[in-house]
Structures are given as C-alpha cells and as structure tokens.
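A quick write-up on the structure given underneath.
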Amino acid sequence: MIKVAASILSADFSRLAEEIKRAEKAGVDLIHIDVMDGNFVPNITIGPQVVKDIRKTTELPFDVHLMIKEPLRYIDDFISAGSDMLTVHIETVSKNDIKELKNKLFKKNIKLGISLNPATPLDRITPILKDVDFVLVMTVNPGFGGQKFISWVVPKIKKLRKIYKGIISVDGGINEKNAKSLASIGVDIFACGSYIFNSKDPVKAIKNLKELFRKEF
Ligand code: DX5
Ligand code: ZN
C-alpha cells in the first residue's frame with residue numbers, strides 16, 4: 001500500500017494543531033516532521049517539545065526526519081516526544097551509530113530510517129541496509145520546503161529498488177506529476193509538504209494522489 005506523509009514544514013506554524021487535523025481529514029497516512037538544526041542544514045525548525053505537544057492532536061503515526069548534525073545526542077528526546085518512525089542522515093552517522101540506534105529503537109518499537117542527500121551515492125548506505133526499516137531518499141537538498149524535484153535522483157531510486165526489498169520513501173518536491181512515475185518504479189511512501197499545504201483544496205490534492213496510485217496498481 002502506497003502511503004502519503006504530510007510534511008508540516010509547509011504548514012502554518014501558528015496553527016499547527018489545525019493544520020495537522022486538516023491533513024488528517026484530507027486522508028494522509030503519516031505526519032512527516034522536519035527537524036533542522038541550522039548546522040547540518042541552513043534552516044532551523046522544530047525540536048522535541050513541539051513534537052511532544054502536537055502528539056496530542058492526532059493518532060496518525062509521526063515520521064520524524066532528523067536533519068541534524070548530532071542525531072544521537074537528541075534521539076532520546078525524540079523517542080519520548082512520541083516518534084513512530086525516526087530517520088537519520090547517513091551524512092551524520094557512523095556504522096556503529098546505526099547499530100546503537102537500531103537496538104534502541106527496536107526495543108521501543110520505533111522504525112529506523114536512513115536518509116541520503118541527492119549527491120550522496122547509494123553505496124554509502126548499502127552496508128547498513130540490513131539494519132534499517134526504511135530508506136528516505138531526498139529528492140531536493142534538505143533545508144526548505146517548496147523546492148523543485150531533482151530528477152537526476154531517479155536512477156538512484158531505481159537502483160535502490162533493485163537491491164532493497166524494504167520500504168522506500170521519497171522526500172522533496174513531490175507532486176501529482178512526478179509521483180506517478182515514482183510509484184511505477186516502486187516507491188512506497190511519498191512525503192509531501194507544499195503540494196498538500198499550499199493547495200487550495202488539500203482534500204482533492206490527496207485524493208488525486210491516491211487515485212493515481214489506485215489506477216496504476
Ligand atoms: C526538505 C524536507 C522535506 C520538505 C518537503 O528539507 O525534508 O520534507 O519539507 O516539502 P516539499 O514537498 O514542499 O518539497
Ligand atoms: Zn523531510
């Protein structure tokens with residue numbers, strides 16, 4: 001089943017609870033939360049306290065994307081804040097860090113994801129694919145919502161699909177047009193921000209995406 005994750009980075013932060021409810025009503029499957037530290041990426045967004053507070057607003061799983069230089073330093077805070085899926089970037093962790101994270105998250109029944117930037121080659125993650133529950137492929141350079149989808153990442157996704165049976169998620173610049181071809185190459189989760197929140201009719205936007213997946217498969 002293909003899933004849609006709503007990236008709240010493009011939501012109105014002064015009304016986060018309402019925005020999450022709006023996405024939930026529109027039919028999204030997951031809430032994607034972009035955590036940025038102004039260090040690994042140029043932008044600063046939200047921390048564990050906000051995740052904890054918005055946890056009360058929905059039962060939907062929280063897909064927390066850590067774009068931070070020292071993920072291990074903050075992992076416990078994001079676990080207790082109520083994350084269901086936690087993604088770290090391969091550019092920020094060692095093989096040993098992954099082992100540690102795997103053990104920690106497995107005990108808490110939280111899924112571990114590994115993400116890679118557009119320019120990071122696939123062979124950086126191949127040795128640890130057996131240790132993670134999913135791969136989040138960046139299709140923009142992390143830092144901001146509303147960027148253009150980088151199409152030269154597609155061959156990397158195809159290559160990954162060939163060698164990896166687990167869940168593949170894509171993040172950045174996703175819309176109705178590129179989602180169709182990505183679904184056809186076997187992507188499982190679509191993280192979308194501006195496509196949903198900047199849409200005049202988010203219900204229709206999600207419906208269109210899901211319809212597209214139904215038609216194709
Ligand atoms: C980018 C974030 C993405 C982003 C997606 O650094 O990780 O999750 O917010 O937003 P759109 O869909 O607008 O590219
Ligand atoms: Zn993200």
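The values are calculated or read from the model by the stated rules, or taken from the named source; none is laboratory data. In this text, all values refer to a predicted model and were calculated from it rather than measured experimentally. Cβ atoms come from the backbone with ideal geometry, glycine included; neighbour counts cover every protein chain shown. The protein model used for the area step is the full one, side chains on, heavy atoms only, and it has no ligands, DNA or RNA in it. Shrake-Rupley method; radii C 1.70, N 1.55, O 1.52, S 1.80 Å.
Quick notes
- The stretch 159-201, subset closer than 16 Å to residue 213 by Cβ and part of a loop (DSSP other than H, G, I, E, B), residue nearest to ligand 2 (Cβ to nearest atom): 174
- Test result for residue 52, in a loop (DSSP other than H, G, I, E, B), open to solvent by 30 Å² or more (accessible area, probe 1.4 Å) and either touching a Leu at 6+ places or on another chain (Cβ under 7 Å) or not hydroxyl-bearing (Ser, Thr, Tyr) (or both): no
- Residues in the stretch 186-203 that are of a type in the set (A, V, I, L, M, F, W, C) and open to solvent by less than 40 Å² (accessible area, probe 1.4 Å): 187, 189, 190, 191, 192, 196, 197.
- Meets criteria (among the hydrophobic types (A, V, I, L, M, F, W, C) and modelled with pLDDT of 95 or more) for residue 149: yes
- Failed criterion for residue 203 (all others in (1) at pLDDT below 95; (2) within 16 Å of ligand 1 (Cβ to nearest atom); (3) in contact with a helix residue (DSSP H, G or I) (Cβ under 7 Å, 6 or more places away or on another chain) hold): (2)
- The criterion of being assigned to a loop (DSSP other than H, G, I, E, B), open to solvent by 30 Å² or more (accessible area, probe 1.4 Å) and modelled with pLDDT of 95 or more holds for residue 69.
- Residue in the stretch 139-152 that is on the phi > 0 side of the Ramachandran plot, of a type outside the set (Phe, Trp, Tyr) and open to solvent by less than 10 Å² (accessible area, probe 1.4 Å) present: yes
Quick grid of which residues meet (1) within 21 Å of residue 170 (Cβ to Cβ); (2) within 16 Å of ligand 2 (Cβ to nearest atom); (3) free of Cβ contacts under 8 Å to residues at least 40 places away in the same chain:
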| position | (1), (2), (3) |
| --- | --- |
| 52 | no, no, yes |
| 61 | yes, yes, yes |
| 87 | yes, yes, no |
| 109 | no, no, yes |
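- Selection from the stretch 103-131 of residues that are of a type in the set (S, T, N, Q), under 28 Å from residue 148 (Cβ atoms) and surrounded by fewer than 16 Cβ atoms within 10 Å (Cβ to Cβ): 126
- Whenever a residue of the stretch 137-163 is touching a residue at least 40 places away in the same chain (Cβ under 8 Å), its partners that are open to solvent by 80 Å² or more (accessible area, probe 1.4 Å) and in a loop (DSSP other than H, G, I, E, B), lying with C-beta atoms within less than 6 angstrom and at least six residues away or across chains, give the pairs 143/42.
- The one condition from (1) part of a helix (DSSP H, G or I); (2) at positive phi that residue 109 does not meet is (1).
- As a summary of the residue check, residue 25 satisfies the conditions (1) touching a residue at least 60 places away in the same chain (Cβ under 8 Å); (2) more than 17 Å from the chain's Cα centre (by Cα); (3) surrounded by 16 or more Cβ atoms within 10 Å (Cβ to Cβ) except for the one numbered (3).
- Where a residue in the stretch 1-19 is on the phi > 0 side of the Ramachandran plot and within 11 Å of ligand 2 (Cβ to nearest atom) and its partner, wherever it lies, is outside any helix (DSSP H, G or I) and open to solvent by 50 Å² or more (accessible area, probe 1.4 Å), with Cβ under 8 Å and at least six apart: none
- Leading residue by the ranking (nearest to residue 8 (Cα to Cα)) among those in the stretch 184-216 that are among the aromatic types (Phe, Trp, Tyr) and in contact (Cβ under 8 Å) with a residue 40 or more places away in the chain: 197
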